[in-house]
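A short worksheet on the structure shown next.
Read the figures in this text as sums done on the coordinates, not as results from a lab. What you see is a predicted model; the values in this text were computed from it and never measured. Cβ placement follows ideal geometry from the backbone for every residue including glycine, while neighbour counts extend to all protein chains displayed.
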Amino acid sequence: MSASGRSATSQALAGAARPERSLLAINLVGLGTIAHKEVRRVLRIWVQTIIPPAITMTLYFIIFGSLIGRRIGEMDGVPYTTFIAPGLIMMAVIQNSFGNVVSSFFSSKLQQHLEEMLVAPLSVFTIVIGFVIGGVSRGLLVAALVTVVAMFFTDLRLEYPLVTFSVIVLVAMVFSLAGLLNAIFARNFDDISIIPTFVLAPLTYLGGVFFSISLLTPFWQNVALANPILYMVNAFRYGMLGASDIPLGIAFSIIVGAFLALFGLALVLLHRGTGIRS
Amino acid sequence: MDALVLEGLTKVYGNSVTALKGIDLTVAEGDFCALLGPNGAGKTTAIGIVTSLVNKTSGKVAVFGHDLDREREAAKACIGVVPQEVNLNMFEKCFNTLVNQAGYYGVPARLARRRAEKYLRLLHLWDKRDEISRKLSGGMKRRLMIARALVHEPRLLILDEPTAGVDIEIRRSIWDLMREINGSGVTIILTTHYLEEAEHLCRNIAIIDEGTIIENDSMTNVIRKLQREAFVLSLQERINEAPMLDGYTVRLRNDREIEVEVAKGQGLNRLFDELSARSLEVSSMRTKTNRLEELFMRLVENKQMTPQ
Ligand SMILES: Nc1ncnc2c1ncn2[C@@H]1O[C@H](COP(=O)(O)OP(=O)(O)O)[C@@H](O)[C@H]1O
Ligand SMILES: [Mg+2]
């Protein structure tokens, strides 16, 4: 091909400069890209991601808070509606952070566009954090909405803002990771509904969202203490209302421990290619 | 520097299918190389290993000198890949698909948007930029995947059967584009089961069958080999030297057999005339089986069975 005969295409391609980018720079841009894409996904399908949990939680407030709550009176020294508000916010965070990552990661695995990330020079660390940012964003967005709803039914307090905020973010990260792990192992749609239905829902309902464990007999109190979600709900309730069934230090250790364990596991599995590479 | 080096690459899948039985391949920088073979030969597996989508069982892979075991990220940064199966996010707009892919390779956002425009225009998809992939035709999806592979401007472009299932017109335009991309200095490796495609585009060719590379040569040499047929002739009398026959290449196999290479279409009458003139009596004759030839017969059959 003569120089003068080269088409515009060829010239455009020849102009391609190839600056060497450091791996750190690549991963930072890559992380921003994944996070941006995940958040955009949440907002794009807001009818599926944001509205349903807001409606469910509103119903909980109407039924358990206003209607039944009035007959219950107080629990742990606060009106019942106030008592359940932190638990319901926490429940929304757990379900939505988990649900976001499990469905986003699983569908990208199923449609195979996860390969777009797998062929790129991104570390697995970046990929995990990127998906976690998506899950945390949706969890917090829904939490904010549920908080607004709750304010129509009760006077919310914020005794320890730092505790409240750090617990909610940590819990969102833990359940984003749990969703990621579920998606890594899942082979079909059944596999991504088993964990939320048979594990997450029971643990959440029994995790002290609707009751104080002081209502339980000593035996059942001990059983309840084996449930990690109990610690999360109580730490969060402590942040808002200043009352908790559980010492705060233990709750934080359990939450941070769960985060580190799940994060490590996710890194190892993605690195090995479990469930995504033959 | 070589764009790609494979050494003793093997792959045994979990279900104990051996897809690659130790392949060696070197592709020089700037080359346009075909990896040709029938379905199930192991092409996609080899590409999968090079692009980090399949774990290898053993062997070595180096991309522009970056060993995949030691510098996987650096190797990945050099490659752009167009997979055999459509793997687009069906609900993402074309423009965003490219911007995201550029981002995964570390191209900063503003530059990524410029690149997305450049490559959408190049692939004639600019007016589809706001469509989601699901709405595109098969040919457009294929083009979008090519644009996606180019958006970070890789030094090595790998295409796994890029024209399978696209109509003839689009196939031609993809061929033209690939020639130009190669002309701009990008090394291209293309897998195909169409000999015609390899012949049209590629300078070098590796032919793979049942997980083994059975031929790796320049396109010209392979075509020459294919255009010749070899016959083995058994003679009545013993001879101790191959006869010189005008226009034919003759080789002595043993004292009773000679092997004659004949260009396709050359005809055999003159051969027998020449032999008679030297009073060499032929007692029998057979075609020499040639693995390359056999493979091509299968490829041709394959092609006829594949709906176009
Ligand atoms: N994920 C997989 N698991 C098990 N076997 C596979 C897998 N992918 C491919 N194979 C097998 O490996 C062999 C090579 O396949 P492939 O690399 O797709 O060939 P080609 O791309 O040349 O058609 C075939 O026998 C195929 O059935
Ligand atoms: Mg294939």
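Of the DSSP H helices in chain B, those that are both long (alpha-carbon extent of 15 Å or more along the helix axis) and hydrophobic (Kyte-Doolittle mean at least 0.0) are B:94-104, B:138-150. B:E85 versus B:D167, label points 7 Å from Cα toward the beta carbon: distance in nm? For B:E85 paired with B:D167, the spin-label model returns 2.7 nm.
Annotation: amide H-H contacts under 5 Å for B:V82 (H modelled 1.01 Å from N, sequence separation of 5 or more, or interchain): B:I158, B:L159, B:D160. Holding the Cα-Cα limit at 21 Å, pick out from B:K43/B:K135; B:K43/B:K93; B:K11/B:K43 the pairs that are longer than that. Over 21 Å Cα-Cα: B:K43/B:K135; B:K43/B:K93. Taking only the C-alpha atoms of region B:1-100, the Rg (one decimal) and the largest Cα-Cα distance, Dmax (whole number), read 14.8, 41 Å. The three principal axes of the C-alpha atoms in chain B carry coordinate ranges of 80, 42, 37 Å, sorted with the longest axis first. Equivalent ellipsoid of region B:146-295: semi-axes from √(5λ) of the C-alpha gyration tensor, largest first, are 45, 14, 13 Å. The Cα atoms of region A:172-250 give a gyration tensor whose axes a ≥ b ≥ c have a/c of 1.5 or more with a/b greater than b/c, which makes the shape prolate.
With a cut-off of 8 Å between alpha carbons and a minimum separation of six or more residues, what is the relative contact order of chain B in percent? Computed value for chain B: 20 percent relative contact order. Normalised by 2.2 N^0.38 Å, where N counts its residues, the alpha-carbon radius of gyration of region A:24-272 equals 1.03. Computing FRET efficiency as 1/(1 + (r/R0)^6) for B:D273 and B:A242, where r is the C-beta to C-beta distance and R0 is 22 Å, gives about 0.80. In region B:84-153, the alpha-carbon atoms span a convex hull of 77 Å³ per residue.
Residues in region B:212-243 near a label at B:E281, defined as backbone nitrogen under 16 Å from the 7 Å Cα→Cβ point? Flagged as within label range: B:234-239.
Between A:S212 and A:L28, what length comes free when the chain is fully extended (0.36 nm per residue of separation minus the Cα-Cα distance, one decimal in nm)? Taking 0.36 nm per residue and subtracting the Cα distance, the gain is 61.9 nm. The alpha carbons of the protein assembly as shown give a radius of gyration and a Dmax of 32.5, 120 Å, in that order. Full extension of the chain segment joining A:A144 with A:I51 gains 32.3 nm, where the gain is 0.36 nm per residue of separation less the Cα-Cα distance. Rounded to the nearest Å, what's the spacing between the alpha carbon centres of region B:1-67 and region A:82-160? Just the number, please. The two parts, judged by their Cα centres, are 40 Å apart.
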